[in-house]
Each structure stands twice: as C-alpha cells, then as structure tokens.
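These notes are about the structure you will find just below.
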Amino acid sequence: MSTPAARTPVLATKFPTMGTTIFTVMSALATEKGAVNLGQGFPDFDCDPRLVDAVTDAMRKGLNQYPPMPGVPALRAAVAAKIEAMYGHNYDPASEVTITAGATQAIITAILAVVRPGDEVIVLEPCYDSYVPNIELAGGIAVRVPLTPGTFRPDFDRIAAAINGRTRAILVNSPHNPSATVWSGSDMLKLQELLEPTDVLLISDEVYEHMVFDGQEHQSAARFPGLAARAFIVSSFGKTYHVTGWKVGYVAAPQALTAEFRKVHQFNVFTVNTPVQHGLAAYMADAQPYLQLPAFYQRKRDLFREGLARTKFRVLPSEGSYFQCVDISAVSSLNEADFCKWLTTEIGVAAIPLSAFYGNGFDQRVVRFCFAKKEETLHSALDRLARL
C-alpha cells in the first residue's frame, strides 16, 4: 500500500496586493551592498546604561513571571504622571493606561477593538505602512485623504468631506512619519472642532512626541479635552529611550475606550515582558532623558542638514521625528523607488521613497533619510552623498 504524497492545502491569500515592507527591502539591500543605512528608522547607538541596569536589576530580583494584563502598576503610574506633567490631562493608571508590545501592536489593537466590518477609517497619506492592513484585518475600509503635497499640512476641507455616517475613526500621526512635519495647536483645535459633532474616534500616533524642534511644543491630543475624550493616544518607549528592539509602548484612553481595548489586548498579546516594564518604571523617575531628547536629536538634525546643503538635494523642513526628507528633482530623473535602489547600490547610502507611504504610489520626487545615527555614521553618509 503506497503512502499518499503530502500536500499543503491551497490557501487563498487575504492580502493579494501586500508584499514585504519597504523597510525590510531597503535594509536588506543596504546590507548586501555595504551601504550606510539611513532608511529604516532605528538608532545605531546604545541606550543609557542606567536603563539596562534597571532591567537587569529587575531580572535579578526575580521579576520574571507574568505581570498584570494591563501592565505593571508602577509603569502605568509613571506614564500617567508624565502625561499630566507635560500635557495637563489626568489619566487613571488603573483604568486608562495600558502597556503594549510596541506602538504597532497598540494601533492594531485599538483598531480591532472599535472597527467593525464595513466601518470606514480615515488615514492621512503619506502614512505609516501598518495602518491600512490593520484596518483591513478588522474588516474596515481605509479612506485615504492626502496631506497637502509639498507641505504635508492637513487639509481640513478634504478631511471634513471624507467624514460620513460610516466613519468610525481617524488616524493622526504627529510628529509625522515620513514627512517630519508637526501639527500645530491650531491644527489640533481645528480637528477638535471638526470631530465635536460626530462620534468619530481618534487614534493619535504620538511615538515621536519627544522629538520636536526649534522651540516648538508637541501638541498631544491629551492637551485638548474634546480630543482626549475620544482618543486612543499611542506612544513608544522604544523611540524615546533608543531601544526600538524592546518593542514596548503604551496607550492612554478614557475608561470606556480602554475597557474595549483591553478585551482585545488580553487575547492578542495578554501582557508585555515583565523585567523591562519594571526597569522602565524605575528609569522614568528621572524625567531628564525625555526632556533632553529634543535638543539631542536637533543637534543630529542640524549636522545632517548642514551636510545635505552641500549636495543638489532640496532639503525640506524637519520639524519633528528623526527623519529628514529631500527633493531629488535636481539630482536624478529616476522615480523615487528606483532612485533609492540606485543610491544604495551606487552611492552606498540607503533611503526610503515616500511613494511607499501612499496607496497609489504617488511619486513627488521626495525620499526620506533617518538621522537617528552616531555622528560618525552621519559623516560617513554625508561624505558619500557629497559625490552628488
């Protein structure tokens, strides 16, 4: 009797148009070509040794078993205290702050918690590449509204036109990835006024909240009562403390929204690694690391912009985040994606095309660099870019 051949069942993909993220593609190409990787957004320098010591101490104290599902109470309390001190809004750490496995998990959990099949969710393009797949996983419909080409400012007339009875939520990101623009207080007030007569929820992606330059203040949704009352506010310890690989973030939201969020959170993550939470809680007793972050990154931004000024790139404003966009029109006639491949292969510096952040691949001859790098890394990249 013969054994039938093993056969993997045919699976119809849920995402026929989805491929590998541009960040993975460009980082792999940078490694292959020995290029300086200014594409993917992560630091190439170490975090504060005191933070590592705090996590190590927690491990050695035996804090290695499951923490409470919403997160270690001390860390939730530290988050609530920071938000109140910086933005003036009081969140109850017991019922309104949840620790997450990074900001990406926080965003998909918020979407899964509130978006039902057929609901519409407004995304402002260019946008981070996880937003639309998250909405589609929830059965929702992503409604793409472009930020104003050239300035990347919100177009409130177009946002208003996109809101209807099926609109469940809007996703806003400031400081903005990829454009490095920052929403102003007046922008947030306009958003508050626009949403006030609706039941539209706000998912406010604020992972770069401590990277705002030139004396500006971050305008968190928590500052605006009408927004805070309807918002899931998302932030990232990884971005703030130079530990992106730890994948720890948080969500602050009103009690009723948090209750729905935690229903999903308990089953898609349950909880987040214990010693890191305890270490972060201890480290947050000192506010200086995040209070000093704007000046820290502004120095890197200024160094990088000064070097770029010696090339043919047209350097666009960088108001916040750790990204710098440039217009390539005077450098090459290639489209953004092909230019980034050429730049990585022939010049030895990796960048990301902004067209990757648009659903239709809109190409405006702009690419994005990340300057969250050591000075010697930035100098090495600038030396190579000087050939342009």
TODO: Filter the stretch 1-45 down to residues that are of a type in the set (D, E, K, R), loosely packed, with under 12 Cβ neighbours inside 10 Å and either assigned by TED's automatic domain parsing to the domain that holds ALA356 or out of contact with any Asp or Glu (no Cβ under 9 Å at 6 or more places or on another chain) (or both), then give me how many there are.
DONE: 2
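Based on what the data block shows, is ARG223 surrounded by fewer than 22 Cβ atoms within 10 Å (Cβ to Cβ) and either in contact with a strand residue (DSSP E or B) (Cβ under 8 Å, 6 or more places away or on another chain) or touching a residue at least 12 places away in the same chain (Cβ under 8 Å) (or both)? Write out each step before concluding.
Working: surrounded by fewer than 22 Cβ atoms within 10 Å (Cβ to Cβ): yes; either in contact with a strand residue (DSSP E or B) (Cβ under 8 Å, 6 or more places away or on another chain) or touching a residue at least 12 places away in the same chain (Cβ under 8 Å) (or both): yes.
Judged against the criteria, ARG223 is a match.
Restricting the stretch 117-136 to residues that are assigned to a loop (DSSP other than H, G, I, E, B) and not acidic (Asp, Glu), which is farthest from LEU147 (Cα to Cα)? Break it down stepwise before answering.
Here is the first cut: in the stretch 117-136, the ones assigned to a loop (DSSP other than H, G, I, E, B) are 117-119, 126-130.
Those still in the list that are not acidic (Asp, Glu) too: 117-118, 126-128, 130.
Values: PRO117: 26, GLY118: 24, PRO126: 7, CYS127: 9, TYR128: 13, SER130: 18 Å.
Taking the candidates together, the pick is PRO117.
Taking the condition touching a Cys at 6+ places or on another chain (Cβ under 6 Å), surrounded by 15 or more Cβ atoms within 10 Å (Cβ to Cβ) and at pLDDT 95 or above, does ALA381 pass?
Numbers: touching a Cys at 6+ places or on another chain (Cβ under 6 Å): no; surrounded by 15 or more Cβ atoms within 10 Å (Cβ to Cβ): yes; at pLDDT 95 or above: yes.
Taking the combined requirement at face value, the residue does not satisfy it.
From the list ALA138, ALA80, which residue is among the hydrophobic types (A, V, I, L, M, F, W, C), at pLDDT 95 or above and out of contact with any helix residue (DSSP H, G or I) (no Cβ under 8 Å at 6 or more places or on another chain)? Break it down stepwise before answering.
Values: ALA138 fails: out of contact with any helix residue (DSSP H, G or I) (no Cβ under 8 Å at 6 or more places or on another chain).
Answer to the selection: ALA80.
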Task: Single match in ALA285, ALA309 (criterion: out of contact with any strand residue (DSSP E or B) (no Cβ under 9 Å at 6 or more places or on another chain) and not polar (S, T, N, Q)) - done: ALA285
Task: Subset of the stretch 199-218 (residues that are surrounded by fewer than 23 Cβ atoms within 10 Å (Cβ to Cβ) and either at positive phi or part of a loop (DSSP other than H, G, I, E, B) (or both)) - done: ASP199, VAL200, PHE213, ASP214, GLY215, GLN216, GLU217, HIS218
TODO: Output the residues belonging to the stretch 120-160 that are loosely packed, with under 14 Cβ neighbours inside 10 Å and polar (S, T, N, Q).
DONE: THR148, THR151
TODO: Considering only the stretch 184-198, state which residues are in a loop (DSSP other than H, G, I, E, B) and touching a helix residue (DSSP H, G or I) at 6+ places or on another chain (Cβ under 8 Å).
DONE: GLU196
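Scan the stretch 108-119 and give yes if some residue there is among the polar types (S, T, N, Q) and surrounded by fewer than 23 Cβ atoms within 10 Å (Cβ to Cβ), otherwise no. Full working, then the answer.
Looking only at the stretch 108-119, we keep the residues that are among the polar types (S, T, N, Q), and these are 109.
The next check asks that each one be surrounded by fewer than 23 Cβ atoms within 10 Å (Cβ to Cβ); those that pass are none.
Within the stretch 108-119, none of the residues are among the polar types (S, T, N, Q) and surrounded by fewer than 23 Cβ atoms within 10 Å (Cβ to Cβ).
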Task: Qualifying residue in the stretch 292-308 (condition: over 30 Å from ARG76 (Cα atoms), at pLDDT 95 or above and assigned to a loop (DSSP other than H, G, I, E, B)) - done: no
Open item on the list: Checking the conditions here, which among PRO67, PRO133, PRO117, PRO49 is touching a helix residue (DSSP H, G or I) at 6+ places or on another chain (Cβ under 7 Å) and not aliphatic (A, V, I, L, M)?
Closed with: PRO67
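Matching residues to (1) within 21 Å of GLU120 (Cβ to Cβ); (2) assigned by TED's automatic domain parsing to the domain that holds PRO93; (3) over 17 Å from the mean Cα position of the chain (by Cα):
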{"site": "MET188", "(1), (2), (3)": "no, yes, yes"}
{"site": "VAL212", "(1), (2), (3)": "no, yes, no"}
{"site": "HIS218", "(1), (2), (3)": "no, yes, no"}
{"site": "ALA221", "(1), (2), (3)": "yes, yes, no"}
{"site": "ILE233", "(1), (2), (3)": "no, yes, no"}
Open item on the list: Considering only the stretch 173-183, I want to know if a residue exists there that is farther than 17 Å from ALA106 by Cα, hydroxyl-bearing (Ser, Thr, Tyr), modelled with pLDDT of 95 or more and surrounded by fewer than 20 Cβ atoms within 10 Å (Cβ to Cβ).
Closed with: no
- [ ] Determine which single condition VAL272 fails, assuming it passes every other condition in (1) more than 16 Å from the chain's Cα centre (by Cα); (2) surrounded by fewer than 24 Cβ atoms within 10 Å (Cβ to Cβ); (3) not in a helix (DSSP H, G or I).
- [x] (2)
Open item on the list: I need every pair where a residue in the stretch 124-148 that is within 18 Å of ASP187 (Cβ to Cβ) and free of Cβ contacts under 8 Å to residues at least 40 places away in the same chain has its Cβ under 8 Å from the Cβ of a residue that is of a type in the set (A, V, I, L, M) and in a helix (DSSP H, G or I), sequence separation at least 6 or different chains.
Closed with: VAL145/ILE159; VAL145/ALA162
- [ ] Search the stretch 347-388 for residues being of a type in the set (D, E, K, R) and within 20 Å of the chain's Cα centre (by Cα), and hand back the single one that is farthest from THR21 (Cα to Cα).
- [x] LYS373
TODO: Being in contact with a Gly (Cβ under 7 Å, 6 or more places away or on another chain) and either surrounded by fewer than 17 Cβ atoms within 10 Å (Cβ to Cβ) or modelled with pLDDT of 95 or more (or both) narrows it down to one of GLN277, GLN266, so name that one.
DONE: GLN277
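The values are calculated or read from the model by the stated rules, or taken from the named source; none is laboratory data. This is a predicted model, so every value here is computed, not measured. Here the Cβ is made from the backbone with ideal geometry for all residues, glycine too, and neighbour counts use every protein chain on show.
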